[in-house]
Amino acid sequence: MSTGKVNLISPGSTHEFDFVVVGGGTAGNVVAGRLAENPEVSVLVIEAGRGDPENIAEITTPARAFETRNGPNDWKYKTTLIDRPDYTRVEKPNTRGKVLGGSSCLNYYTWVRGSKATFDDWEEFGGKGWNWHALKDYFDKPATYHDDENNYPHVRDIGMGGPLHVEHADLVPELRPFRDALLKAWTSKGLTINDNIYDGTQNGLTHCVNTIYKGVRSSSWSFLVGKTNIHVLSSSHCKRLLIDGDRVTGVEVHGPNGEDTTIQARKEVIVAGGVYETPKLLMLSGIGPEEELSKFGIKAISNSPHVGQNLLDHPIMPHTFRLKDGLGLDDHLLRAGPQKEGAVTAYNRNHSGPLGSGLLELVGFPRIDERLCRIKEYVKAKQENGGIDPFGPGGQPHFQIDFVPMFSDAFQWHFPVPPEGSWLTVIVDLLRPISKPGFVKLRSKDPLDDPCINTNYFNNHLDVIALREGVRAVDEILMTGEGFKDIIGEDYPWPMPRNSDEAMEKAIIERSQTGFHPCGTCRLSQNIDQGVVDGTLKVHGFKNLRVVDASVFPVIPDCRIQNAVYMVGEKGADLIKADHKDLY
Ligand SMILES: Cc1cc2nc3c(=O)[nH]c(=O)nc-3n(C[C@H](O)[C@H](O)[C@H](O)COP(=O)(O)OP(=O)(O)OC[C@H]3O[C@@H](n4cnc5c(N)ncnc54)[C@H](O)[C@@H]3O)c2cc1C
């Protein structure tokens, strides 16, 4: 396997590196790329998936992103989504990227960061270095922002020359009537349009910035390109950390042909396997809740009770409306015919047209205080919370609303793709659920076995009620707002029971899905009784072992999370460099 751009090696070819990064995903590649800025330093990236994402058209072509779900580059986890006394739902696949670039190669592109108030909440866990002010520049550092047509002069430059190229969504001409109608409906309800959502407040309807540039996906492997001192061991699974007292000396790796190799780390091991695999690897290596490890005969080297706990995610409610014929992209992307042929030709010519689109052009961040204040369960919860809104205590938006102008099976794979017509998928994403977090546990002692994952949505019923009201609020804009009310039709596949609280709640419990933003399973902390890593991202009790990925988030951001994951990668790299003054 060869990329010609990234230095791929085979197991057994080299055995010692300065830094070993486990997981060539979103954050892992940022760390590797930054550490390799000193050409004298050797860095190994171990990646369980393929090492050549640039050769996989479903990954590089923006509008084909939904096709990557359940494919060969997806971990496709089985997951308990809901686990209530009255209702349990186990689903598969729960998608995570298994390829160089990790989930940054499978995600849906939106580049947003969240509110100041939410990141200020991180300080309670990570200390002074983890609040909005301290992290601000790290959100900008990974990216180069392009506005080639000068369409957004009022938006400040949100990049600092990093390897990841981002730009505002290409406004596809075919979507103009849809886009205009949505903007009109939104403002007809007195709601705002706001493109400046990057300075700590997010509200209104915004034109989306995406990790797409010139019609091609940008992903974290761009941090590795051209760095000859980074080696990538792809299709190789890290089985265990090798530990000697309070130091990690290396890792044990299962190679693509079934062979096992041992690799030594001279300086540090950085675990970046993502929110599910990182806690699993720590537990397999003897770092985790003693009681849990003992079930599998694993000796606890460090009894670290929070490993695998505090799994946070956004539950979403996807639903679909018919649009007036021709206003969505269904015929351009989902069905064979002249429009699809046109889309393929345009993309092959210069990466333009519907296939070069990330599909999301407009995203909404509403609060719905007025509606919530009419609901007795909410009023009671607010009173019990000292009069502070539990869903957005610092003024954060209650929801992220995605308007996907076609039927999106990625969020509704239980329903067939409609055979004809134009459709709109609306995704209502609850940004700060108050349910108790979920967890990740070992399924067995076999490193190749998937972990047990339980996202534990809706164990507090108020989250269901909030989603119920969120769906009603957005649907009211679409169904009665100026302009949009004239282009919207029936629900698919069956009517949404908007007039019954009980039936709406049932629909939400039965149809909700993951927003794909899990985090928190090795959270930042002041000590081992609060979490897994300290403010320098070192695992408590170890001198040269860090976790750098979405697992360390102590509080879920109030929007999609990749910008925050890249931020953690950048900050993590600087923290490591600060401990190796002889090298940096
Ligand atoms: C379908 C989907 C859509 C999304 N859409 C958006 C969006 O629009 N906007 C947004 O902001 N966020 C989005 N996200 C979320 C965002 O992409 C992720 O939160 C982020 O990429 C996670 O980064 P990470 O570094 O924590 O993990 P990952 O990027 O998942 O990286 C982990 C890497 O480690 C590798 N690995 C794991 N275990 C081992 C092992 N033992 N040995 C070797 N390698 C290992 C994995 O194969 C993977 O490459 C989406 C995510 C998904 C899955």
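Where a number appears in this text, it was derived from the coordinates with a stated rule and is not lab data. It should be emphasised that the depicted structure is a prediction, and the values quoted were computed from it without experimental measurement. Heads up, the Cβs are rebuilt from the backbone with ideal geometry, glycines too, and the neighbour counts pull from every protein chain shown.
Values computed for the structure shown
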quantity: Sequence ranges 448-454, 50-56, ranked by mean other-Cβ count within 10 angstrom, highest first; calculated: 50-56, 448-454
quantity: Percentage relative contact order, the chain, counting C-alpha pairs under 8 Å, at least six apart; calculated: 23 percent
quantity: Volume per residue that the Cα convex hull of the range 194-270 spans, once the total is divided by residue count, Å³; calculated: 216 Å³
quantity: Value at 222 nm in deg cm²/dmol, rounded to 500, when DSSP H runs of n ≥ 4 in the chain each add -39,500 (n - 2.57); calculated: -6500 deg cm²/dmol
quantity: Added length on full extension, which subtracts the Cα-Cα distance from 0.36 nm per residue, residue 244 to residue 582; calculated: 119.3 nm
quantity: Considering only the chain, percent of DSSP beta bridges that pair antiparallel, nearest 5; calculated: 65 percent
quantity: Pairs of lysines in the range 79-185 (C-alpha under 28 Å apart; 8 or more residues apart or interchain); calculated: 6
quantity: Whole-Å distance, taken between Cα centres, linking the range 338-376 and the range 37-102; calculated: 22 Å
quantity: Fewest-first sequence of 332, 540 by Cβ atoms within 10 Å of each Cβ; calculated: 540, 332
quantity: The range 257-401: Lys pairs at Cα distance under 23 angstrom, eight or more positions apart or on different chains; calculated: 4
quantity: Folded to 0 to 90 degrees: helix 274-284 orientation relative to the chain principal axis, Cα; calculated: 30 degrees
quantity: Within the range 415-501, GluC sites (Glu not before Pro) in DSSP loop having at most 16 other beta-carbon neighbours inside 10 Å; calculated: 420, 482
quantity: Cα centroid separation, the range 414-478 to the range 189-245 (Å); calculated: 22 Å
quantity: Rg to Rh quotient for the chain, alpha carbon positions, Kirkwood Rh; calculated: 0.95
quantity: All aspartates and glutamates inside 16 Å of residue 506 as judged from Cα atoms, apart from same-chain residues fewer than 8 positions distant; calculated: 83, 86, 463, 469
quantity: Packing rank of 227-236, 170-179, 147-156, 406-415, where each peptide gets the mean count of other beta carbons within 10 Å, highest leading; calculated: 227-236, 406-415, 170-179, 147-156
quantity: 11 Å beta-carbon shell around residue 91, net charge (K/R +1, D/E -1); calculated: +4
quantity: For the range 465-584, alpha-carbon Rg over 2.2 N^0.38 Å; calculated: 1.63
quantity: Charge dipole magnitude, Cβ of K and R +1, D and E -1 - the chain, Cα centre, debye nearest 20; calculated: 520 debye
